[in-house]
Amino acid sequence: MSARFERGLVVGKFAPLHRGHELVIGHALAACDEVIVLSYSKPELPGCPPAARAAWLEALFPGARRLVLTDALLATWPAGPREVPQNDAPDEEQRCFVARVLQEHLGCRVDAVFASEDYGEGFAQALTESFRRAEPGAPAVAYVAVDPARAQVPISGSRIRGDVHAHKEWLAPAVYASFVARVCLLGGESTGKTTLAAALAEACGTAWVHEYGRTLWEEKDGGLELADMKEIAARQVTLEDEAARRATRWLFCDTSPLTTFFYSLDMFGSAEPALTALAGRPYAFTVVCAPDIPFVQDGTRRDTAFRDHQHARYLDTLARAGRPFAVVGGSLPSRVAQVRELLATVSAPLPA
C-alpha cells in the first residue's frame, strides 16, 4: 500500500527521546515516503545535549531525515534562520522558524505534521500559509494527531527528567544508556578489581564490564603486539557501550583504556595516538583498589614491586588530571561498602 503522504514532519525537543516520541515518529514513517525530524531546545535541558539527541535519533530512526538544530549549526548554513527560538517563545515565532528551516535551508515543503500535542493543528495551518506565500496553490498541510490523550504512552519528557531511573521503562536502551554513570575500577595487578566489579554489580543490581585485554592475551597466548593495544582499548569502550544498555543507574568497568595505555608504554615503549586519546576517557567516578591484599601469581603477572609501581602511577595520573577518584582497601565486603558510600555522593555526569 502506498504512503498517504509524500513528506511528513515531526518537531520536538526529544529531551529525552522517549516512547511517546517513538510512537509519533514511527507513525509518520509508516504514513510517509519521507520523514523530516527536527529537534531544538533553547536553553538545552539537563542530560539532553544536542550530541546525545542526535545519537538517539540516529540509533532509533536511521531511515528518517534528522536535524538537531543549534545556533552554532545555523551559523554554518548559507541560508535560513541564524538563531534557534527560546523554548518559551510564542507559537508564531516557533512556526516561522520551522518554516524557514524547511524552505530556505532544506528547500522543501511537507504534506503533514505529526504530533501528540494540541499545537499541531495551528502549526499545520501556519506552514500551509507560509508555503502558499512562496508557491500559490500549494496543497494544505495536514495535521495527524498521534495519541493526543497520552493513552498509549502516558509519559512526558519533564516527568522523565525529574527522575530518569524511575522512568527507565519509557526509554529505549540506546537512550537510557546515556544516563548510566560509568564507574571505572583501576589498580595494580592482583588487587581484586574484577572481583570487586562483579560484587558491586550484584549489590547494585546492574551490569559490569570484564577486562578485554586479558581475554585477548589468553587468545594469543601472551603474544600481544603494539597494534593489539589500540584494539584492546577500542574494544573495551565498545563493551562498555553495549553493557550500558543492560545497566541500571551504574555501570562498573573492570579497567579502562588508561590501563592499556600504561601497558603499551611498559611493553613496547610507546602508544599509538588513538590509544593515547582513549586513555583520557572520563568516567563519573574512579575507584583505585589498594595493593593491600596478598599478591597471587597466576602465571601472567609480574611481581609486587610492579604492582606498587602501577598503583603510584594511577594515583599520580588521576590527581594531575583532576579526575574524581578514591582508594578503597580491606576485605571485599568492606570495599563494596566503601564504594557504595562514595557513590551516594556522586552526581552522574550528563551525556556528552
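Readers should treat all values here as calculations from the given coordinates under stated rules, not as data from a laboratory. This one's a predicted model, so the numbers in the text were calculated from it and none came from an experiment. Note: ideal-geometry Cβ built from the backbone for every residue, glycine included; neighbour counts use all protein chains shown.
Among beta bridges from DSSP that stay inside the chain, the antiparallel ones total about 5%.
Computed over all pairs of different Cα atoms, the Kirkwood value for the hydrodynamic radius of region 5-161 is 15.8 Å. Region 161-204 and region 1-70 have Cα centres lying 28 Å from one another. In this label model, D221 and E117 are separated by 6.4 nm, measuring between points 7 Å along each Cα→Cβ vector. Order by neighbour count: F123, F252, fewest other Cβ atoms within 10 Å first, most last. Final ranking by Cβ density, sparse to dense: F123, F252. Principal axis extents of the Cα atoms in the chain, from largest to smallest and rounded to whole angstrom, are 82, 41, 39.
I need the shape label for region 83-135. Rule: rounded when a/c is under 1.5, else prolate if a/b > b/c, else oblate, with a, b, c from the alpha carbon gyration tensor. It is oblate, given that a/c is not under 1.5 and a/b is not larger than b/c. Relative to the dominant Cα principal axis of the chain, helix 257-268 is inclined by about 50°. The long axis of helix 19-31 is offset from the longest Cα principal axis of the chain by roughly 50 degrees.
So what is log10(I(q)/I(0)) for region 89-231 at q = 0.16 1/Å, when the Debye sum runs over its Cα atoms only? After summing over all Cα pairs, the log10 values are -0.97. Among V287, V146, V153, sorting on how many other beta-carbon atoms sit within 10 Å of each Cβ, with the fewest leading, yields V153, V146, V287. Each of L342 and A203 was given a label point 7 Å from its Cα along the Cα-to-Cβ line. The distance between the two points is 1.1 nm. Cross-link reach is defined here as a Cα-Cα straight distance under 26 Å, omitting same-chain residues fewer than 8 places apart; for K42 the lysines meeting it are K13, K168.
Using C-alpha pairs under 8 Å with a sequence gap of at least 6, the mean separation divided by the residue count of region 187-342 gives a relative contact order of 31 percent.
Normalised by the number of residues in region 5-161, the mean separation of alpha-carbon contacts (under 8 Å, six or more apart) gives a relative contact order of 27 percent.
Relative contact order for region 33-89: 43 percent, from Cα pairs under 8 Å spaced at least 6 residues apart, divided by residue count.
The distance separating the Cα centre of region 73-135 from that of region 312-335 comes to 51 Å.
Shown here are the Rg and Dmax of the Cα trace of region 180-343, at 14.9, 40 Å. Evaluated with a Cβ-only charge set (Lys, Arg +1; Asp, Glu -1), the chain carries a dipole of roughly 400 debye about its Cα centre, given to the nearest 20.
With respect to the chain, whose longest principal axis is taken over its alpha-carbon atoms, helix 332-343 is tilted by about 40°.
Here's the picture: charge each Lys and Arg Cβ at +1 and each Asp and Glu Cβ at -1 in the chain, and of V113, Q236, H210 the one pushed furthest to the positive end of that dipole is V113.
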